[in-house]
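Heads up, the thing below is written out as structure tokens.
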Amino acid sequence: MIGLPDAVTACLFDLDGVLTSTATVHMRAWKQTFDEFLNEHDPGAAPFGERDYVTYVDGRSRLDGVRAFLASRGIELPEGAENDDVDAETVHGVGNRKNRLLLRLIADGVTPYPGSVRYLDAARRHGLAIGVVTSSANGATVLSAAGLSDYVRARVDGIVIRDRGLRGKPAPDSFLACAAELGVRPSSAAVFEDAQAGVRAGRDGGFGYVVGVNRAEGDAHADQEKALREQGADIVVDDLAELLEEGA
């Protein structure tokens, strides 16, 4: 009744853009960070846009996002260190600047998607194990702010990925680690992702079902649906509640 194959016993959800609307908050923080950086280094450069976000940042770790986007503009920075100041001209410094902005925006509140809450309720009623897999180091903060912590039996976030030395999405490591924490085989778990990198991770990890969530709007909507299917999504929905209707 929840739109998944009968063999699925666990659901592994990405957080930003799947369960909560914080993907837009991340986009705002990245845009301000990168636009300020570009204005300082190349005042005539094109600003950071939604296509940049989808191509280079969405679904990746903070540091991988910094590296990938700046490389696309022909810019290479030294790595620096984790405690670099937000004004440091390093990969860590730019990442820390983005995170400071993000935390300020999160402090204004986090809203879960109503359809996602309905789906979490249904999954829990059906006895499915629930895990969250996010590249964000702020996973616990966002889950708490959105009131979703009680649903989650296992969380693999940016901090866990760093501490365990896991490869970030599109590598499947983080999803595989969450499935192991829940005690299920990948073939018995469904992955829910809005990022192309995350969908690819679910497919390459051998997971039983991969749900692409398309939050893109306007002209980008059709392109994103096509891209999610090309990356390996078994089904693409605009909202998780659509799965409940399909399973009814």
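The values are calculated or read from the model by the stated rules, or taken from the named source; none is laboratory data. A quick note: this is a predicted structure, and the numbers were derived from the prediction, not measured. Cβ: placed from backbone, ideal geometry, glycine included. Neighbour counts: every protein chain shown. Quick note on the areas: whole protein, heavy atoms, side chains included, nothing else; ligands and nucleic acids left out. Shrake-Rupley method; radii C 1.70, N 1.55, O 1.52, S 1.80 Å.
Selection over region 106-116 of residues that are within 17 Å of the chain's Cα centre (by Cα) and either assigned to a helix (DSSP H, G or I) or surrounded by 18 or more Cβ atoms within 10 Å (Cβ to Cβ) (or both) gives a count of 5.
For every residue, the table says whether it meets (1) over 26 Å from A177 (Cα atoms); (2) free of Cβ contacts under 8 Å to residues at least 60 places away in the same chain; (3) in a helix (DSSP H, G or I); (4) open to solvent by 50 Å² or more (accessible area, probe 1.4 Å).
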residue	(1), (2), (3), (4)
C11	no, no, no, no
V25	yes, no, yes, no
D35	yes, yes, yes, no
P78	yes, yes, no, yes
D84	yes, yes, no, no
A88	yes, yes, no, no
V94	yes, no, yes, no
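Tallying residues that are out of contact with any Ser or Thr (no Cβ under 9 Å at 6 or more places or on another chain) and among the small types (G, A, S) within region 90-116 yields 4. Among the residues of this structure, V191 does not count as one that is within 21 Å of D16 (Cβ to Cβ) and not in a strand (DSSP E or B). Residue check: is A177 modelled with pLDDT of 95 or more and in a loop (DSSP other than H, G, I, E, B)? Here the answer is no, as A177 does not meet what is asked.
Of everything in region 185-207, what is farther than 10 Å from L12 by Cβ, over 17 Å from the mean Cα position of the chain (by Cα) and of a type in the set (G, A, S)? Give them in sequence order. Scanning region 185-207 gives S187, S188, G206. Find the residue count for region 135-164, including only residues that are closer than 20 Å to R118 by Cα, of a type in the set (V, I, T) and buried (at least 20 other Cβ atoms within 10 Å of the Cβ). Summing the residues that are closer than 20 Å to R118 by Cα, of a type in the set (V, I, T) and buried (at least 20 other Cβ atoms within 10 Å of the Cβ) in region 135-164 gives 1. When region 117-134 is filtered for residues that are over 29 Å from A171 (Cβ atoms) and open to solvent by less than 30 Å² (accessible area, probe 1.4 Å), only A122 remains. Within region 37-76, if we keep just the residues that are part of a loop (DSSP other than H, G, I, E, B) and in contact (Cβ under 8 Å) with a residue 40 or more places away in the chain, the residue that is surrounded by the fewest Cβ atoms within 10 Å (Cβ to Cβ) turns out to be R60. Hey, can you tell me all the residues within region 238-247 that are outside any helix (DSSP H, G or I) and surrounded by fewer than 20 Cβ atoms within 10 Å (Cβ to Cβ)? Correct list: D238, D239. Taking first residues from region 198-209 that are more than 16 Å from V54 (Cβ to Cβ) and partners that are part of a helix (DSSP H, G or I) and of a type in the set (A, V, I, L, M), the Cβ contacts under 6 Å between residues at least 6 apart in sequence or on separate chains come to G205/L176.
Candidates are the residues of region 138-165 that are at negative phi and not in a helix (DSSP H, G or I); the one that is farthest from the chain's Cα centre (by Cα) is R153.
Can P47 be described as out of contact with any Leu (no Cβ under 6 Å at 6 or more places or on another chain) and modelled with pLDDT of 95 or more? Spelling it out, P47 is indeed out of contact with any Leu (no Cβ under 6 Å at 6 or more places or on another chain) and modelled with pLDDT of 95 or more.
Can you confirm whether region 188-206 contains a residue that is open to solvent by 20 Å² or more (accessible area, probe 1.4 Å), hydroxyl-bearing (S, T, Y) and at pLDDT 95 or above?
no
Restricting attention to region 209-231, the residues being out of contact with any strand residue (DSSP E or B) (no Cβ under 6 Å at 6 or more places or on another chain), open to solvent by less than 70 Å² (accessible area, probe 1.4 Å) and in a loop (DSSP other than H, G, I, E, B) number 3.
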